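Student: Quick one: this structure, given as structure tokens, is what I'll be asking you about.
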Amino acid sequence: MSLFNKLIVGTLPLIPKFIVGSISKRYIAGERMIDAVRMVRKLNQERFMATIDLLGEHASRREEAIEAADEYVRLIEAIAIEKLDSNVSIKLTHLGLKLDYEFCLANVSRIVAAAKERGNFVRLDMEDSSCTDDTMRMYMTLRRKYWNVGLVFQAYLRRTIRDIRSLIDDGMNINVRLCKGIYNEARTIAYNDKEIINRNFALLLRELFQRGGYVAIATHDEKLVWEAFMLIDEFKLKPEQYEFQMLLGVDAELRRIIRDSGHRLRVYVPYGSQWYAYSARRLKENPQIARYVLNNLLKGS
Ligand code: FDA
């Protein structure tokens, strides 16, 4: 982590909440489900698909995890009623993974079953490396019973190439989102070098395309978008065999460029009252935004 980033991470708790709030508006649909519904309706009108995420992670009480599962079931219902082109993304720690694996599995199964009934799909986001084994295990358990569940792979993890091969060798017809990875991980676990992460991303994408997986290419890095375009062309893929994904509020111009080149693109739309933790994560991740925050602070706005 650069000195500037370390400084930002260290001083983040001192930044007034209203400033974080004003910055976070760009990345978050709002606090309520209706805000997410409105945002997705707008995105759909612009020919973008969506995936909705209820903000939250690391539930510390069972009630919290059950409430999150209830909200997801209501959300799946709302997506169907409003006829939105959107699926949902969930975080296992929000649904009790760190409390009890079986309890979490029951919560997640409830969401996946509700989505199946509505012909919808559930993406299991990938969290830090302490969750990787359990997330893969839960994915495999669910996938045996449900077709409508997918996983995320992180290109910065050294293990990812082995994980992909083992899933495919097991005969899994996989649907994965490939991203770089957002958490701070030790060098023994994850590549730290940006160039290596990018090359590994391209390598994993090739492996997935070669072996017939459905891939959601989740990046705002134009170099990787270019790599993906080349591979899509090389493998002669049809638009329905893959999709691009980007976060709400990040590089809307690139989003339109990808769409207008004939590719499908899904926008990740977070909502919920736990916007502060999510925004803090975004700020830690992206020094440019942190600079923006600092400028605001210095201007006293
Ligand atoms: P990179 O970080 O190099 O960014 C490329 C460009 O985009 C830069 O110019 C940068 O400024 C801009 N940019 C990127 N992120 C930005 C931001 N937040 N705000 C403003 N500008 C930004 N990770 C994970 O570990 N588990 C997961 O489940 C997911 N899920 C997920 C879903 C989707 C749809 C996306 C797009 C991303 C994720 N991620 C994730 C996050 C991912 O791992 C990664 O941290 C970010 O996407 C940033 O990596 P890029 O590939 O965009 O490249």
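Student: When ligands, DNA and RNA are left out and all protein chains stay put, how many square angstrom of accessible area per residue does the stretch 11-78 have with a 1.4 Å probe? Present the calculation step by step, with values, prior to reporting the outcome.
Tutor: Values: 3450 Å² over 68 residues.
Here the residues of the stretch 11-78 average 51 Å² of exposed surface.
Student: Next up: As a test of the formula, what do you get for the chain when each DSSP H run with n ≥ 4 contributes -39,500 (n - 2.57) and the sum is divided by the residue count, at 222 nm and rounded to the nearest 500 deg cm²/dmol?
Tutor: After summing the helix terms and dividing by residue count, I get -16000 deg cm²/dmol.
Student: What full-extension length gain, to one decimal in nm, is calculated for GLN241 and ALA106 as 0.36 nm per residue of separation minus the Cα-Cα distance? Don't skip to the end; give the middle numbers.
Tutor: Numbers: separation 135, 0.36 × 135 = 48.60 nm, distance 3.07 nm.
Contour length minus the Cα-Cα distance gives 45.5 nm.
Student: Something else now. State the extension gain, in nm to one decimal, for the chain segment bounded by MET230 and LEU203, taking 0.36 nm per residue of separation less the distance between their alpha-carbons. Spell out each step's value before the answer.
Tutor: Details: separation 27, 0.36 × 27 = 9.72 nm, distance 1.24 nm.
Extra length from MET230 to LEU203 when fully extended: 8.5 nm.
Student: Further question: Report the FRET efficiency, 1/(1 + (r/R0)^6), for ARG256 and SER60, where r is their Cβ-Cβ distance and R0 is 45 Å, rounded to 0.05. Walk me through the numbers on the way to the answer.
Tutor: Values: r = 40 Å, r/R0 = 0.90.
According to the calculation, E is roughly 0.65.
Student: Over the stretch 224-275, with the other protein chains present, what is the accessible area per residue in square angstrom, probe 1.4 angstrom?
Tutor: Working: 2400 Å² over 52 residues.
Heavy-atom SASA per residue in the stretch 224-275 reads 46 Å².
Student: Once you put a point 7 Å from the Cα of LYS42 and another 7 Å from the Cα of GLN210, both along the Cβ direction, what distance in nm separates them?
Tutor: 4.3
Student: How large, in percent, is the carbon and sulfur part of the accessible surface of the chain at a probe radius of 1.4 Å?
Tutor: Numbers: 7460 of 14540 Å².
Ligands and nucleic acids excluded, carbon and sulfur give 51 percent.
The values are calculated or read from the model by the stated rules, or taken from the named source; none is laboratory data. Owing to the predicted nature of the structure, the values given are computational and were not obtained by experimental measurement. Cβ atoms come from the backbone with ideal geometry, glycine included; neighbour counts cover every protein chain shown. Side chains are part of the model used for accessible areas, which takes the heavy atoms of the whole protein and leaves out ligands, DNA and RNA. Shrake-Rupley method; radii C 1.70, N 1.55, O 1.52, S 1.80 Å.
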